[in-house]
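Values quoted throughout were computed directly from the atomic coordinates according to the rules given, and no laboratory measurement underlies them. Since this is a predicted model, take the numbers as computed values, not measurements. All Cβ positions, glycine included, derive from the backbone under ideal geometry; neighbour counts span all protein chains shown.
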Amino acid sequence: MTAGPLTTNQDLDPARLREAFGIFPSGVVAVASEVEGELIGLAASSFTSVSLEPALVSFSVANTSKTWPTLRRAAHLGVTILADHHGDVCRQLAGPVAHRFDGLAVTATPDGAVTLDDGLAMFDCTIYREVEAGDHTLVLLQLHAVTHADTAQPLVFHRSGFGRIAG
Ligand SMILES: Cc1cc2nc3c(=O)[nH]c(=O)nc-3n(C[C@H](O)[C@H](O)[C@H](O)COP(=O)(O)O)c2cc1C
């Protein structure tokens, strides 16, 4: 089926937009830290690389997020790129706050950046800038350290479901 014509003044209702945005495939990351001894974090598919010098990445967080106001207070944030076997882990990291880290092997840096031990790439970050962006906040993160695996495949989020890269 081909897409219809682009006409202005169309109703950009959120359900329709979500469907259209979902056509663009993305990876998924866990953004996490340890704040006052508690693990805190969420899953985000809005992650993207931004700049090499300085080293920056970004993700968008909904202004309704109950986790972000606490997470943003962390000295450092960990970002983990999820692997293709992390579908359930991703759902867990988006689910009830009390159980987000149940059974997960994680490592925290002395500054509190928390990453998943079996992630594909891990970043140690601080907040570079937060930009108001409608019903979300665009968070630019500055990288301080990075490590990555060479073998496994990433988790792919597409049309509200999980997939993997063929091959
Ligand atoms: C695949 C997937 C991708 C998600 N991506 C984002 C995202 O980019 N930004 C965001 O704010 N929430 C995203 N979420 C939702 C959060 O993980 C979390 O459920 C939401 O922030 C509500 O929890 P909170 O109130 O504790 O923040 C995503 C959830 C899933 C399952």
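Arrange HIS136, HIS148 by Cβ neighbour counts within 10 Å, fewest through most, would you? Kindly include the intermediate steps, with their values, before the conclusion.
Details: HIS136 16, HIS148 10.
Least crowded to most crowded, the residues run HIS148, HIS136.
Based on the mean of other beta carbon atoms within 10 Å per residue, what is the order of 111-121, 76-86, most packed first?
Details: 111-121: 20.9, 76-86: 22.7.
Top to bottom by mean Cβ count within 10 Å: 76-86, 111-121.
Taking 7 Å along the Cα-to-C-beta vector as the label spot, tell me the THR2-THR147 distance in nanometres, rounded to one decimal.
It is 5.2 nm.
Do any trypsin sites (Lys or Arg not before Pro) in region 53-149 lie in a DSSP loop with no more than 12 other beta carbon atoms within 10 Å, and if so, which?
Details: sites: LYS66, ARG72, ARG73, ARG91, ARG100, ARG129; in loops: LYS66, ARG72, ARG73, ARG100.
Listed in order of number, the matching sites are LYS66.
Helix-only estimate, please: 222 nm mean residue ellipticity of the chain, summing -39500 (n - 2.57) across DSSP H runs of length 4 or more and dividing by its residues, to the nearest 500. The partial results should precede the final answer.
Details: 3 runs with 20 residues, N = 167.
That calculation yields -3000 deg cm²/dmol at 222 nm.
With a/c under 1.5 counting as rounded, go ahead and sort region 26-155 into rounded, prolate or oblate using the C-alpha gyration tensor (a ≥ b ≥ c being the square roots of the eigenvalues; past the cut-off, prolate if a/b is larger than b/c, else oblate). Each step should come with its number before you reach the end.
Details: a/c = 1.26, a/b = 1.09, b/c = 1.16.
In terms of gyration-tensor shape, rounded.
Can you figure out the FRET efficiency of LYS66 with ALA15, using R₀ = 22 Å and their beta-carbon distance, to the nearest 0.05? List each step's numbers first, then the result.
Numbers: r = 23 Å, r/R0 = 1.04.
In this case the efficiency is close to 0.45.
ASP118 versus ASP84, label points 7 Å from Cα toward the beta carbon: distance in nm?
Distance between label points: 1.5 nm.
Which one of SER65, ALA98, VAL35 has its Cα pushed farthest toward the positive end of the charge dipole of region 26-155, where Lys and Arg give +1 and Asp and Glu give -1 at the Cβ?
Of the options given, the answer is SER65.
Of the GluC sites (Glu not before Pro) in region 22-65, which ones lie in a loop per DSSP and count no more than 10 other C-beta atoms within 10 Å? Working shown, then result.
Numbers: sites: GLU34, GLU36, GLU38; in loops: GLU36.
The qualifying sites are GLU36.
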